[in-house]
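Asker: Please read through the structure below; I'll follow up with questions.
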Ligand SMILES: [Cu+2]
C-alpha cells in the first residue's frame, strides 16, 4: 500500500509537469498575441490580468489532478480489498504519461519553431551578418536533430522498459565503444562550431589599417537615456574629446569636445543615422555614465559602450531601407539602433533611427546636416581663451558641475 502511495505522488508530479508545459504553451501564445498588439496603457493592464488568470487555471488543474490521483488510489485499494492479485498498474500509467509528455513536448517545440520562429529577424542587412546567420542556422539544425532524437529515445525507452514482472533487466555497467562514440562525436562537432565562430569573429573585428581609414567614421556616445551621434564631417575624422570638458562652454559642450582641435569644427550632429549602401562604416563607441550597448539587430552588430574607453564596430550595409521594406513586405519598416544593456529606468527609450540609402541620397542628406560646434560654443570658447588658460577655465567649469 505504501508503495502504491509513493508511485501515486510520482504520477501526480508527472501529470502536473505535462499540464504545466501545456499551460506554459498557452501562456506563451497569449503573450505573443499581446506583444504584437498596439501598445496602449489599457492593453498593458491586460498582461497582469492574464497572468493571474493562467495562474489560477494552473492551480485548478493541479487540484483536479490531485483528485484524480486520490480516486485512482481508492480504486487501487478497493481492488486489493476485493482480493484481486494486481491493483492498478502505476508503472504502465507512468509509461503512458512519459509518451504523452513526449508528444506534448514535441508539439511545443514545433509550435515555438513555427510561431515564434516566424518572428525571428529578417535576413541580415550587413555583409558580415550573412555569415553569422549561416552559423546560427547550422547550430540550430544540428541541435534540433540531436534534441529530437535524444528526447524520443529518452521517453520511448522509459515507456518501453517500464517495470514488468515477466522481464528481467540486463546488467550493463560499462560499454567503452559506446562511450567513445558519444564523447568523440560531440567533441568534434563542438570544436568545428567553436572554430567557425572564432574565425568569423576574427574576420569581423580584424580590419586592416586601410580598411579603417577608408570607412565612414561615426561616433556614438550613450548616456542615460539617449544616444549622441556625430559624423566626422568633411575630413571624416571625429575631433578630440576630453571628459573633463563635458558640460563646459556655458553648458553647451555635452560631448566634451576639445575646441583646440580643428578636426572638431566640421563634425556634424545628426538626429538619425544615415548610411550609404555598400560602404564600410566604422562606429566608435563610448558612454558618459554607465555601461550601454550599441545594438543594431538588423545588421547583427552589437558592442558594449564603456565609460572611459573607446570601443568600435565596423560593418558594411548590404540592403537599403527600401530593399528591406520589400523583403519584409512592410512599407513602414525602419532600421534602428537600440541599447542592449539594462542601463536604468528609461533604458527602453534608447532607440535611434537608422536608414540605409543610395550613395546619392546619402550625399544629399549629409550636405544638409548641421555642424555640432555652434557659433555660441565658439564664442564661449573664445571668451575663455581671452581669459588666457582655456583648459584651466574649462576644467573649472567641468569640476563645478
Ligand atoms: Cu542604455
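The values are calculated or read from the model by the stated rules, or taken from the named source; none is laboratory data. These numbers come from a predicted model, not from an experiment. Glycine also receives a Cβ, built like all others from the backbone with ideal geometry; neighbour counts cover every protein chain displayed.
Asker: Tell me, yes or no, whether the range 127-140 has at least one residue that is in a helix (DSSP H, G or I) and more than 27 Å from the chain's Cα centre (by Cα).
Answerer: Checking the range 127-140: not a single residue is in a helix (DSSP H, G or I) and more than 27 Å from the chain's Cα centre (by Cα).
Asker: Something else about it: Keeping to the range 200-215, report how many residues are under 27 Å from the mean Cα position of the chain (by Cα) and surrounded by 10 or more Cβ atoms within 10 Å (Cβ to Cβ).
Answerer: Residues in the range 200-215 being under 27 Å from the mean Cα position of the chain (by Cα) and surrounded by 10 or more Cβ atoms within 10 Å (Cβ to Cβ): 6 in total.
Asker: Under the condition of being modelled with pLDDT of 90 or more and surrounded by fewer than 12 Cβ atoms within 10 Å (Cβ to Cβ), which residue from the range 34-63 is farthest from residue 115 (Cα to Cα)?
Answerer: 63
Asker: Still on this structure: Being part of a helix (DSSP H, G or I) and surrounded by fewer than 13 Cβ atoms within 10 Å (Cβ to Cβ): is that true of residue 103 here? Write out each step before concluding.
Answerer: Values: part of a helix (DSSP H, G or I): yes; surrounded by fewer than 13 Cβ atoms within 10 Å (Cβ to Cβ): yes.
Yes: the conditions hold for residue 103.
Asker: Being surrounded by fewer than 19 Cβ atoms within 10 Å (Cβ to Cβ), modelled with pLDDT under 95 and under 23 Å from residue 205 (Cα atoms) is the requirement here; does residue 237 meet it?
Answerer: Details: surrounded by fewer than 19 Cβ atoms within 10 Å (Cβ to Cβ): yes; modelled with pLDDT under 95: yes; under 23 Å from residue 205 (Cα atoms): yes.
Against the criterion (surrounded by fewer than 19 Cβ atoms within 10 Å (Cβ to Cβ), modelled with pLDDT under 95 and under 23 Å from residue 205 (Cα atoms)), residue 237 qualifies.
Asker: Does residue 234 count as assigned by TED's automatic domain parsing to the domain that holds residue 313 and more than 23 Å from residue 287 (Cα to Cα)?
Answerer: Spelling it out, residue 234 is indeed assigned by TED's automatic domain parsing to the domain that holds residue 313 and more than 23 Å from residue 287 (Cα to Cα).
Asker: Here's another thing I want to ask about it. Which of the strands (runs of 3 or more DSSP E) contained wholly in the range 260-299 include at least 3 residues that are crowded, with 22+ Cβ neighbours inside 10 Å and either within 25 Å of the chain's Cα centre (by Cα) or away from the ligand (no atom under 16 Å from the Cβ) (or both)?
Answerer: Here the list reads 281-287, 292-296.
Asker: Take residue 392 and tell me if it is at pLDDT 80 or above, farther than 16 Å from residue 266 by Cα and either assigned to a helix (DSSP H, G or I) or assigned by TED's automatic domain parsing to the domain that holds residue 319 (or both).
Answerer: Against the criterion (at pLDDT 80 or above, farther than 16 Å from residue 266 by Cα and either assigned to a helix (DSSP H, G or I) or assigned by TED's automatic domain parsing to the domain that holds residue 319 (or both)), residue 392 does not qualify.
Asker: Given the conditions (1) surrounded by 13 or more Cβ atoms within 10 Å (Cβ to Cβ); (2) assigned to a loop (DSSP other than H, G, I, E, B), which single one is not true for residue 80?
Answerer: (2)
Asker: Now for a different question. For the range 248-259, give me each residue that is over 19 Å from residue 309 (Cα atoms) and part of a loop (DSSP other than H, G, I, E, B).
Answerer: Correct list: 252, 259.
Asker: Here's a follow-up. Checking residue 245 against (1) modelled with pLDDT of 90 or more; (2) touching a strand residue (DSSP E or B) at 6+ places or on another chain (Cβ under 6 Å): exactly one of these is not met. Which one?
Answerer: In the conditions (1) modelled with pLDDT of 90 or more; (2) touching a strand residue (DSSP E or B) at 6+ places or on another chain (Cβ under 6 Å), residue 245 misses (1) alone.
Asker: Looking at the range 327-356 only, could you name the residues that are part of a loop (DSSP other than H, G, I, E, B) and either within 10 Å of the ligand (Cβ to nearest atom) or surrounded by 15 or more Cβ atoms within 10 Å (Cβ to Cβ) (or both)? Write out each step before concluding.
Answerer: Taking the range 327-356 first, the residues part of a loop (DSSP other than H, G, I, E, B) are 329-334, 340-346, 350-351.
If the condition is that a residue be part of a loop (DSSP other than H, G, I, E, B) and either within 10 Å of the ligand (Cβ to nearest atom) or surrounded by 15 or more Cβ atoms within 10 Å (Cβ to Cβ) (or both), then 333, 340, 341, 342, 343, 344, 346, 350 are the ones that fit.
Asker: Tell me, please, whether a residue that is in a strand (DSSP E or B) and within 16 Å of the ligand (Cβ to nearest atom) can be found in the range 316-326.
Answerer: no
Asker: Just give me the residues in the range 300-310 being within 14 Å of the ligand (Cβ to nearest atom) and assigned to a strand (DSSP E or B), in sequence order. Before the answer, list the steps.
Answerer: Taking the range 300-310 as the starting set, the residues that turn out to be within 14 Å of the ligand (Cβ to nearest atom) are 302-307.
Of everything in the range 300-310, those that are within 14 Å of the ligand (Cβ to nearest atom) and assigned to a strand (DSSP E or B) turn out to be 302, 303, 304, 305, 307.
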